[in-house]
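*Asks:* Sending over a structure as structure tokens; questions will come in a sec.
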Amino acid sequence: MKHVRLGQSDLQVTPICLGTMTFGEQVDEAAAHAILDHALERGINFLDTAEIYAVPTRVETYNATEKIIGNWFASRPGARQKMVLATKVAGPSRGMPWVREGSSNLTPADIVAACDDSLRRLKTDVIDLYQIHWPVRHVPMFGQMYFDPAKDDATVTSIHAQLEALGQLVKAGKVRAIGLSNESPYGVHEFVRLAEQHKLPRVATVQNPYCLVNRTLENGLDETLYRLGVSLLAYSPLGFGLLTGKYDRSGFLGSDAPDGRIAKFESVRKQRWGRTEALDAARRYNALAREHALTPTQMALAFCYTKWQVTSTIIGVTSLAQLDEDLNAWGTTLSPELLKAIDAIRKEMRDPAV
């Protein structure tokens, strides 16, 4: 598995990244450490987390994931030097009063303080990739489909001021490269334009959803990333489990429903991944995989692993078996005939998990 470069930074990572939002909720610390150990043994050198993890986000597990990772680094001499570490500062935290008292803004001082707190929890001196988890402005995301100018707020921190705060962290040696998450084409262009204009750090990555039931990235953002030399980190490649096939027969509820995130957490079912039309589309894709002698997981991951748009795919697991299954899917190829059939389903059902 050759390493790939993140944007125009000097970070070299594996094209598979271990996501960790299950650590501290579905996965306890001992099991999380075992997963981290095995990922490192399998050659993975890229690790992604966030200050708000575990997920679903709640006050009881706020910051838990970073603490678990920090304890792993402390107990595994040399492990930190082998990993490219990414984490995120949460954007405006309305509805989450345990995150900066539910502020509707993210100030430069908040960014600096959040980074210092993450460094302490992660027990490290530097964060390799520091990302803004979601925009500090109104943007369609997390199931919202449309931009609404009426919700725009000119009083929130400007992109220029956010970049200055991130630049302060880079200059201080606390952060090596910066990234965005859940961003739009406008946001990426503006971050890059202002960075170049004011000689501030240039965005290396954008972490957005990308999978068979959500390919909205291909409707403009992919060209933006290509033209500007920014790397995509694709999250939710298995659509929160929809594209593994485990919900095909039972759905999300009932005595025989699998113990996955959508079945386990009502808050997740209310989001885009829990929509009936998302499950309907997933069932079509999963059946297509089986028709071509692939497991649904193999096809869904191979779709991301082989797309030109994706630099690194973020996988999230709750067991060593899931980790091996996801890593073993590397190298799977999809025939032109299969890709044509995938596109036909998308044309019919579009992107139900937007």
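The values are calculated or read from the model by the stated rules, or taken from the named source; none is laboratory data. Keep in mind the model is a prediction, meaning the values are calculated, not measured. No Cβ is skipped: glycine too gets one built from the backbone with ideal geometry, and neighbour counts run over all protein chains shown.
*Asks:* What tally of residues in the range 138-158 results from selecting those that are in contact (Cβ under 8 Å) with a residue 40 or more places away in the chain and either buried (at least 19 other Cβ atoms within 10 Å of the Cβ) or of a type outside the set (Phe, Trp, Tyr) (or both)?
*Replies:* 9
*Asks:* Quick test of your reading of the structure: Val27 fulfils all but one of (1) closer than 18 Å to Leu180 by Cα; (2) more than 17 Å from the chain's Cα centre (by Cα). Name the failing condition by number.
*Replies:* For Val27, the failing item is (1).
*Asks:* Kindly evaluate Thr332 against the criterion of being in a loop (DSSP other than H, G, I, E, B), touching a Ser or Thr at 6+ places or on another chain (Cβ under 9 Å) and modelled with pLDDT of 95 or more.
*Replies:* Yes.
*Asks:* Can you work out which of the residues in the range 75-92 that are touching a residue at least 40 places away in the same chain (Cβ under 8 Å) and among the polar types (S, T, N, Q) is surrounded by the most Cβ atoms within 10 Å (Cβ to Cβ)?
*Replies:* The selected residue is Thr87.
*Asks:* Could you please tell me which pairs satisfy a Cβ distance under 9 Å, a separation of 6+ or placement on different chains, a first residue in the range 44-59 that is in a loop (DSSP other than H, G, I, E, B), and a second residue that is modelled with pLDDT under 95 and of a type in the set (Val, Ile, Thr)?
*Replies:* Listed pairs, sorted by first residue: Val55/Val268; Pro56/Val268.
*Asks:* Continuing with this model, one more query. Restricting the range 312-322 to residues that are surrounded by fewer than 22 Cβ atoms within 10 Å (Cβ to Cβ), touching a strand residue (DSSP E or B) at 6+ places or on another chain (Cβ under 9 Å) and in contact (Cβ under 8 Å) with a residue 24 or more places away in the chain, which is nearest to Tyr235 (Cα to Cα)?
*Replies:* Here the residue is Thr318.
Listed here are the residues, each with its yes/no results for (1) more than 30 Å from Leu11 (Cβ to Cβ); (2) within 20 Å of the chain's Cα centre (by Cα); (3) in contact (Cβ under 8 Å) with a residue 60 or more places away in the chain.
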{"residue": "Ala234", "(1), (2), (3)": "no, yes, yes"}
{"residue": "Leu238", "(1), (2), (3)": "no, yes, yes"}
{"residue": "Arg249", "(1), (2), (3)": "yes, no, no"}
{"residue": "Phe252", "(1), (2), (3)": "yes, no, no"}
{"residue": "Ala257", "(1), (2), (3)": "yes, no, no"}
{"residue": "Gly260", "(1), (2), (3)": "yes, yes, no"}
{"residue": "Ala263", "(1), (2), (3)": "yes, no, no"}
{"residue": "Val268", "(1), (2), (3)": "yes, yes, yes"}
{"residue": "Phe303", "(1), (2), (3)": "no, yes, yes"}
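*Asks:* Checking the conditions here, which among Ala165, Ala177, Ala204 is touching a residue at least 60 places away in the same chain (Cβ under 8 Å), in contact with a helix residue (DSSP H, G or I) (Cβ under 9 Å, 6 or more places away or on another chain), under 24 Å from Leu85 (Cβ atoms) and crowded, with 16+ Cβ neighbours inside 10 Å? Spell out how you get there, then give the answer.
*Replies:* Working: Ala165 fails: touching a residue at least 60 places away in the same chain (Cβ under 8 Å); Ala204 fails: in contact with a helix residue (DSSP H, G or I) (Cβ under 9 Å, 6 or more places away or on another chain).
Result of the check over Ala165, Ala177, Ala204: Ala177.
*Asks:* Can I ask one more? Would you please name the residue that is farthest from Ile111 (Cα to Cα), looking only at residues in the range 1-43 that are in a helix (DSSP H, G or I) and free of Cβ contacts under 8 Å to residues at least 24 places away in the same chain? Reasoning before the result, please.
*Replies:* Filtering the range 1-43 for residues in a helix (DSSP H, G or I) gives 29-41.
In the following step, the residues that additionally are free of Cβ contacts under 8 Å to residues at least 24 places away in the same chain were identified as 30, 41.
On the way: Ala30: 30, Glu41: 33 Å.
Out of the qualifying residues, it is Glu41.
Rundown of residues vs (1) of a type outside the set (Ser, Thr, Tyr); (2) under 23 Å from Thr297 (Cα atoms); (3) part of a loop (DSSP other than H, G, I, E, B); (4) touching a strand residue (DSSP E or B) at 6+ places or on another chain (Cβ under 8 Å), yes/no style:
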residue	(1), (2), (3), (4)
Leu225	yes, no, no, yes
Leu233	yes, yes, no, yes
Pro237	yes, yes, yes, yes
Asp248	yes, yes, yes, no
Gly251	yes, yes, yes, no
Pro258	yes, yes, yes, no
Ile262	yes, yes, no, no
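*Asks:* Go through (1) surrounded by 15 or more Cβ atoms within 10 Å (Cβ to Cβ); (2) closer than 16 Å to Asp128 by Cβ; (3) not polar (S, T, N, Q) and name the single condition Val55 misses.
*Replies:* Condition not satisfied by Val55: (2).
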